[in-house]
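Working notes, structure below.
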Amino acid sequence: MTGFPTRRLGRSGIEVSAMGLGTWPLGGDMAAGDLKLGYSGIDESETIRALERGLEAGVTLVDTADAYGAGHAEHALRPVLAAHPEVLIATKFGNVIDERTRQLTGVDVSPEHVRSAAEASLARLGRDRIDLFQLHTPDITAAQADDVLAALEELVDAGSIAWYGVSTDDPALAQPFVAGDHCTAMQIELNVLDDNSAMLELCEKADLGVLCRSPLAMGLLGGKYSADRPVAGADDVRTHQPEWLKWFVKGTPSPEYLVALDAVRDALTSDGRSLVQGALAWIWARSDRAVPIPGFRNAGQVNDLVGAAEFGPLSPEAFDRIEQTLRGADAA
């Protein structure tokens, strides 16, 4: 494959590959105090080779964050981005990081931090401009949102960023940014087991692009894990229990999610798709704005991901069958 279907990234008018690649795993170890928040067992050189494979296959968008590995993911991306200046980079801000200890030490959304976070990400990434700068910690007051928005527009004027967005599943937290002149996307949780109608509706009305985090439910939709095959690695985020983690319980897949997955497995793998490819196909069928950004460890995983483009979205029949099974409703 030498190309990839594209989708418009909201108001920017930029055409990006219909799938990006997420780099949370590339960050490796990270924590907030004693709470482990990274992925363990990462072979960085192998993951970088896998990323290169994705870019060769036509992926044009890479998503990262200063929080991933407390800056490490951005550092690791630098040589790849230098070799691929055409690739768009999306990163995030709002966490305070300690690169030496790989700790997330707090949250700061002051205008001063917004500016310094952009400068630090640019330095780590080796880029002159961030294509999409996303607020990673949106649980803020209306007054804070106004200040962040003003700081983001100043960064656009300075040429440090091109566009901005917010990573949130709460329309009320997203709404203050919608009016921003250079707001072009929201990053939302969206996968076949977890629909997100409210945020999709907001993005449709506001003409915003949609980046989909957790499109594979942190690996659950890969089909590898079961009650008998839990996640390995004491330092893996999925073996701990951040309050937002719902697909795994101490490394073991959540039973209710396994039941739901089994109920739609046949529909997802229709027409010869792998389970992963079916999960991406559901997202593409759900919204023509949606760009999933799955994480990955190795080239085999990336080959499976990019192979989804050969099949495209699920058929309306398969999509309707899944919606009826999971949500008792026809296609939205």
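Condition (residue is farther than 16 Å from Leu245 by Cα and either free of Cβ contacts under 8 Å to residues at least 60 places away in the same chain or open to solvent by 20 Å² or more (accessible area, probe 1.4 Å) (or both)) applied to the range 182-194: is it met by at least one residue? Yes, because at least one residue in the range 182-194 is farther than 16 Å from Leu245 by Cα and either free of Cβ contacts under 8 Å to residues at least 60 places away in the same chain or open to solvent by 20 Å² or more (accessible area, probe 1.4 Å) (or both). Within the range 208-227, being within 20 Å of Ile293 (Cβ to Cβ) and open to solvent by 50 Å² or more (accessible area, probe 1.4 Å) holds for Arg213, Lys224. Is it true that Leu314 is outside any loop (DSSP other than H, G, I, E, B), of a type in the set (A, V, I, L, M, F, W, C) and either within 30 Å of Leu88 (Cα to Cα) or touching a residue at least 24 places away in the same chain (Cβ under 8 Å) (or both)? No, not satisfied. So, in the range 228-241, how many residues would count as being open to solvent by less than 70 Å² (accessible area, probe 1.4 Å) and more than 15 Å from Lys36 (Cα to Cα)? The total comes to 1.
Scanning the range 242-259 for residues being in a loop (DSSP other than H, G, I, E, B) and either out of contact with any helix residue (DSSP H, G or I) (no Cβ under 9 Å at 6 or more places or on another chain) or open to solvent by 90 Å² or more (accessible area, probe 1.4 Å) (or both) gives a total of 4. Which one of Arg53, Arg115, Arg49, Arg78 is out of contact with any Phe, Trp or Tyr (no Cβ under 7 Å at 6 or more places or on another chain) and closer than 27 Å to Asp181 by Cα? Answer to the check: Arg115. Applying the condition of being open to solvent by less than 30 Å² (accessible area, probe 1.4 Å) and within 19 Å of Gln134 (Cα to Cα) to the range 19-29 and asking which residue is nearest to the chain's Cα centre (by Cα) yields Gly22.
Inside the range 1-18, can you point out the residues that are open to solvent by less than 60 Å² (accessible area, probe 1.4 Å) and among the basic types (Lys, Arg)? If the condition is that a residue be open to solvent by less than 60 Å² (accessible area, probe 1.4 Å) and among the basic types (Lys, Arg), then Arg7 is the only one that fits. Just wondering, is there one or more residues in the range 287-306 that are among the charged types (D, E, K, R), closer than 29 Å to Arg11 by Cα and buried (at least 24 other Cβ atoms within 10 Å of the Cβ)? No, there is no match, as no residue in the range 287-306 is among the charged types (D, E, K, R), closer than 29 Å to Arg11 by Cα and buried (at least 24 other Cβ atoms within 10 Å of the Cβ).
When restricted to residues that are open to solvent by 10 Å² or more (accessible area, probe 1.4 Å), among the small types (Gly, Ala, Ser) and farther than 21 Å from Asp236 by Cβ, the range 30-79 contains 1.
Any residue that is farther than 22 Å from Ile188 by Cα, assigned to a strand (DSSP E or B) and of a type in the set (A, V, I, L, M, F, W, C) - is there at least one of those in the range 33-46? Yes, because at least one residue in the range 33-46 is farther than 22 Å from Ile188 by Cα, assigned to a strand (DSSP E or B) and of a type in the set (A, V, I, L, M, F, W, C). Checked against the criterion of being more than 27 Å from Ala50 (Cα to Cα), at pLDDT 95 or above and open to solvent by 30 Å² or more (accessible area, probe 1.4 Å), the candidates Ala117, Ala150, Ala82 yield just one match: Ala150.
Looking across the range 106-128, the residues that are in a helix (DSSP H, G or I) and over 21 Å from the mean Cα position of the chain (by Cα) come down to Pro111, Glu112, His113, Arg115, Ser116, Glu119, Ala123. So for the range 156-165 (the condition being surrounded by fewer than 22 Cβ atoms within 10 Å (Cβ to Cβ) and closer than 19 Å to Trp284 by Cα), does at least one residue qualify? No, that holds for no residue.
Of everything in the range 260-276 that is outside any helix (DSSP H, G or I) and in contact (Cβ under 8 Å) with a residue 12 or more places away in the chain, the residue that is farthest from Gly223 (Cα to Cα) is Arg273.
The set of residues from the range 307-324 being open to solvent by less than 10 Å² (accessible area, probe 1.4 Å) and out of contact with any helix residue (DSSP H, G or I) (no Cβ under 7 Å at 6 or more places or on another chain) comprises just one member, Glu323.
The values are calculated or read from the model by the stated rules, or taken from the named source; none is laboratory data. Bear in mind the structure is a predicted one, so any value in this text is a computation, not a measurement. Reconstructed Cβ throughout: ideal geometry from the backbone, glycine too, with neighbour counts over all protein chains shown. Surface accessibility is based on the protein's heavy atoms, side chains included, excluding ligands, DNA and RNA. Shrake-Rupley method; radii C 1.70, N 1.55, O 1.52, S 1.80 Å.
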